[in-house]
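The values are calculated or read from the model by the stated rules, or taken from the named source; none is laboratory data. Remember, predicted model here, so these are calculated numbers, not experimental data. The protein model used for the area step is the full one, side chains on, heavy atoms only, and it has no ligands, DNA or RNA in it. Shrake-Rupley method; radii C 1.70, N 1.55, O 1.52, S 1.80 Å.
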Amino acid sequence: MVAAASMAGVAGAPQFAFGQTTNQKTFLKVFMRGGADGLHLFPPTIDPFYREHRPNIAILEPGMDQRDSALSMVDPVLRGATGYRAMNPNLVGLHRIWNEGRLMVAPSTAMDDGGRSHFDNQRWIGTGQRNNIIDGYLNRYLQNTTRDMHPLRGAVLGKNSMSTEVRGGITVPVVQQASNFSLDNENFRLEDPTQDFCNVGCRDNQLTSLMREISSHEVDLPGVEGEISENQLIMLDSITEVQASSANDTPNAEGMNYSNSSLGRGLRLTAQLLKSGVPLEVAALDWNIGWDSHSNQVPDGIGVGDPAHGYNQRMFEGGNDFLTFYLDMQNSGLLDNVVVLVGTEFGRTVLENGSRGTDHGKGSTWFAFGGPTTGGIAPDITTLDRAALFQNRFVPTRTEYRDLVAEIMVKHMSMDIGLVETVLPGHQFLDHGLFEGQSAV
């Protein structure tokens, strides 16, 4: 199967230096596409307005019901006037990370100048600006920082389509899963000298060797032909690295394993690459469970923790995937080197609609773990009284998502703070102190 890759041009054939850079840091951005309801993921269960606005889909307070009540979150590091938050019972995997003090929850996060269109907001969040033609902010990070010029400095993992965050002038491979990230053609297999033709157990496939030889010829190629040659080398080197990393397929995660969802595949690939010493710096993953919950968010007669509802089951699966990755990194001594930031294009209405669902809103919950993440709750609203809401219906913005991205890049990735406005054009960075590490001033 042919490996997918961005065809954006790069100036000059890259020189690859394989091997892990000392103290290599990694930033994983996970997108919940569809507009995830932050009040459903991390409900303010003791707020009476929460139950008033959501009479049919509100989650019970912790301990009220074994299956349908929220998981308790006693915040050891309340920052400012922060309201109480609990956790959806299906996110039990994240609950362990929270209890170990490694999970940061930002319950009122948004792109402050964004809208309520899925497609517009996903593009704008990916580019870091209300502009559809500039590169993604993770690609701009790659363009403006110099570590190893490696084919897997950046990647899209676990799915087969490009993410806006990493699209741009640096060519970034798209890898759905290691097992099918390869090139194969039986006409290019070496024959077994004991047989007329080898169908099983053949030695190395010569197709990739021939492609590499052709692409490596030091001749000047015009325009598009030169870009094709450069991208072909990147693709071939990416295949080599991904296939080599598959030796680290078994998670070091206390017997837990990754699911075969796009999130599970992406996290598994990330762990394989990092444990193999690949200097992966940034990666884009998706966690898609059907977040666009206009109806039957909590169907009549089915509890919020009932696995019979696919939405609940897929949420539970994702929480376990995150915990598997957390343990895999922790037990491999790599957790301090990787930060996972999970976000969405916008939240949902505070008020439920007539179909036991919620509609497009404003603020939602983003969360992060690993690396220098400080456990606790970021700035939040203190009440769901309509007078305190944005346009009386939406969770307002208390944390601008670009501040989370910038803080990770500066404090975890050691990016010069002067590059923030280059990577996130026009953004005035406000440091919320949600990640430790080097000073952001």
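For LYS411, which lysines qualify as cross-link partners when the Cα separation must be under 23 Å and same-chain residues fewer than eight apart are set aside?
Filter leaves LYS25, LYS29, LYS275.
Any chance you could look up the accessible area of LYS25 with a 1.4 Å probe, heavy atoms only, rounded to 10 Å²?
50
Stokes-Einstein D for segment 320-441 at 10 °C, 1.306 mPa s, Kirkwood Rh over Cα pairs, in µm²/s?
Calculated translational D: 97 µm²/s.
Heads up, I need the accessible area for TRP98: 1.4 angstrom probe, whole protein in place, Å², nearest 10.
We get 20 Å² for TRP98.
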